[in-house]
Amino acid sequence: MAPQQATLDPKKVEEFLGKAIQDVAATFHAGLVLIGDKLGLYRAMAGAGPLTPAELAKRTGARERYVREWLSAQAAGGYVTYDPGTGSFTLPPEQAFLLLDADLPGAFQLSVGSVRDESKIADAFRTGAGVGWHEHDAGVYEGCERFFRPGYAMNLISSWIPALDGVKARLEAGGRVADVGCGHGASTIIMAQAFPKATVTAFDYHRASIEAARRAADKAGVGDRVTFEVAAAKDYPGSGYDLVTFFDCLHDMGDPVGAARHVRKSLAAGGVWMLVEPFANDRLEDNLNPVGRLYYSASTLLCTPASLSQEVGLALGAQAGEKRLREVLTEAGFTRVRRVAETPANMILEARA
């Protein structure tokens, strides 16, 4: 039964409507960010100073009328600035850094690709079935790599691996690495570039991602120093690994305890498992913030359905938190677990048998 108007607080109605309008506008805006990325509109504006719609259209080969409407939306959203005196638009250096150097459009590509599968997820809500990672829109895979790669590039070699006890020295001397759930290979390539003496093997169950990772490694010049294989986390081959890495993927797995047990068996004596997971506090109420909103939403559309599509279907979710992750690792036989680093987006755990 609909609530009676007399029970409504008009101020609260107005406040919530304002939030909802922002969300609707952001949903539309996501498509415009992808257009700007695809057509090179942001890149053409970077460092160019004020540009009129006609000037930007000429630089990019796009039609002026479309460019003018796109620029107007960008200005309304604070992505560019507008000078009414000259009718020109400017991309500030801070926005240019995030949109180009930090590859922020990748996050939009991931979100738009996820939303395209809304009907599949709605059906899963009704049936309780899962939706496998391999069943998603192709934009999810490329967007996921673009979303996480800048954070890995910024932190993996400079702080995360050095925080692991003794691991950096092992890799510099020629240690063995298994990068499990590697996706398009961003983390694998970064490690191969930083540790040329190390043997790096990467695994993912998704064949299309493995093929993309091989192409990316060739493009990066390390194709002859890394190996990509199709394999699941519970049965990837090899043993004696000095370092096993899972980047933002354990919570997607149906049987994370089984995967963790396999990791423990595959490690060399003194070997380390580096587990990189989305940052989360242990209590739901402590995750009710923009980062938590992002990860809970992504988890609803991607992570939880992926886990429920597999055996066990534990469905940790992207906001499992360190306490729950520790329980998984302890059940699998790891006796020493510590948080070695964190960023606003990730927490990094070191696990030893």
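Just so it is clear, none of the values below were taken in a lab; they were calculated from the coordinates. These numbers come from a predicted model, not from an experiment. Neighbour counts are summed over all protein chains in view; Cβ atoms, including those assigned to glycine, are modelled from backbone coordinates with ideal geometry.
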### Query
Relative to the first principal axis of the alpha-carbon coordinates of the chain, what is the inclination of helix 105-115, with its axis defined by its Cα atoms, in degrees from 0 to 90 and to the nearest 10?
90 degrees
#### Entry: Net charge over other residues, Cβ less than 14 angstrom from the Cβ of V33 (K, R count +1; D, E count -1)
+1
### Query
Between S297 and D9, what is the label-to-label distance in nm when each label sits 7 Å out along the Cα-to-Cβ direction?
2.4 nm
### Message
With +1 on the Cβ of every Lys and Arg and -1 on the Cβ of every Asp and Glu, and nothing else charged, how large is the dipole of the chain about its Cα centre, in debye rounded to the nearest 20?
### Response
520 debye
### Task
Enumerate the whole-percent occupancy of each 5 Å bin, from 0 to the last occupied one, for all C-alpha pair distances of the range 10-98.
3, 14, 24, 23, 14, 9, 6, 4, 2, 0
### Query
Among K58, K19, which comes first, second and so on when ranked by fewest other beta-carbon atoms within 10 Å?
K19, K58
### Extreme residue, positive dipole direction of the chain, given options V263, L325, F148 (C-beta unit charges)
V263
### Task
At 7 Å along the Cα-to-beta-carbon direction for both R68 and F28, put a label point, then send me their distance in nm to one decimal.
1.8 nm
### Query
Can you give the Rg to Rh ratio for the range 111-206, taking only C-alpha atoms and Rh from Kirkwood?
1.11
### Task
Of the options V167, V67, T127, report the single residue whose Cα projects farthest towards the positive end of the charge dipole of the chain (beta-carbon charges: Lys, Arg +1; Asp, Glu -1).
V167
### Residue pairs, from the table K168/K197; K197/K265; K234/K265; K265/K323, whose Cα atoms sit over 21 Å apart
K197/K265; K265/K323
## Note on the structure
Stretched fully, the stretch from S158 through T343 gains (0.36 nm per residue minus C-alpha distance, one decimal, in nm) 65.3 nm
### Task
Determine the gain in length on full extension of the stretch D286-V115; use 0.36 nm per residue of separation and subtract their C-alpha separation, reporting nm with one decimal.
59.0 nm
### Summary
Projecting the Cα atoms of S299, L32, A353 onto the charge dipole of the chain, where Lys and Arg contribute +1 and Asp and Glu -1 at Cβ, the residue farthest towards the positive end is A353
### Query
Just G175, G47, G271 to compare: in a GNM of the chain, with alpha carbon springs under 10 Å, which one fluctuates most?
G47
### Query
Summing Lys, Arg as +1 and Asp, Glu as -1, what charge do residues with Cβ under 12 Å from the Cβ of H136 carry, H136 excluded?
-4
### Query
How large is the charge dipole for the range 158-352, taken about the Cα centre, if only the Cβ atoms of Lys, Arg (+1) and Asp, Glu (-1) carry charge, to the nearest 20 debye?
400 debye
### Task
May I ask for the angle, rounded to the nearest 10°, between helix 138-155 and the longest principal axis of the chain, with both axes built from Cα atoms and the value confined to 0 to 90°?
70 degrees
### Message
Could you give each residue of the range 247-262 its phi-based ³J(HN,Hα) in whole Hz, using Karplus coefficients 6.51, -1.76, 1.60 with θ = phi - 60°, and x for Gly or Pro?
### Response
9, 6, 9, 4, 5, 7, 8, x, 10, x, 5, x, 5, 5, 4, 5
### Query
Residues with amide H under 5 Å of F228's amide H, sequence separation 5 or more or different chain, H placed in the peptide plane at 1.01 Å from N; which?
A202
### Dipole moment magnitude, nearest 20 debye, the range 10-98 about Cα centre, only Lys, Arg, Asp, Glu C-beta charged
200 debye
### Summary
Contact order relative to length for the chain, counting C-alpha pairs under 8 Å separated by 6 or more residues, stands in percent at 13 percent
### Query
Summing -39500 (n - 2.57) over the DSSP H runs of n ≥ 4 in the chain and dividing by its residue number, what mean residue ellipticity at 222 nm do you reach, to the nearest 500 deg cm²/dmol?
-14000 deg cm²/dmol
### Query
Given springs between every Cα pair under 10 Å in a Gaussian network model of the chain, which of D286, D117, D235 has the largest fluctuation?
D286
### Task
Using only Cα atoms, figure out Rg for the range 137-288 and give it as a multiple of 2.2 N^0.38 Å.
1.00
## Note on the structure
Other residues with Cβ under 11 Å from the Cβ of H251 give, with Lys and Arg +1 and Asp and Glu -1, a net charge of -2
### Query
What full-extension length gain, to one decimal in nm, is calculated for R207 and I21 as 0.36 nm per residue of separation minus the Cα-Cα distance?
63.0 nm
### Task
Return a whole-number percent for the relative contact order of the range 10-98, with Cα pairs under 8 Å and 6 or more residues apart as the contact set.
26 percent
## Note on the structure
For the chain, the longest principal axis of the Cα atoms and the Cα long axis of helix 322-331 enclose an angle in degrees, to the nearest 10, of 30 degrees
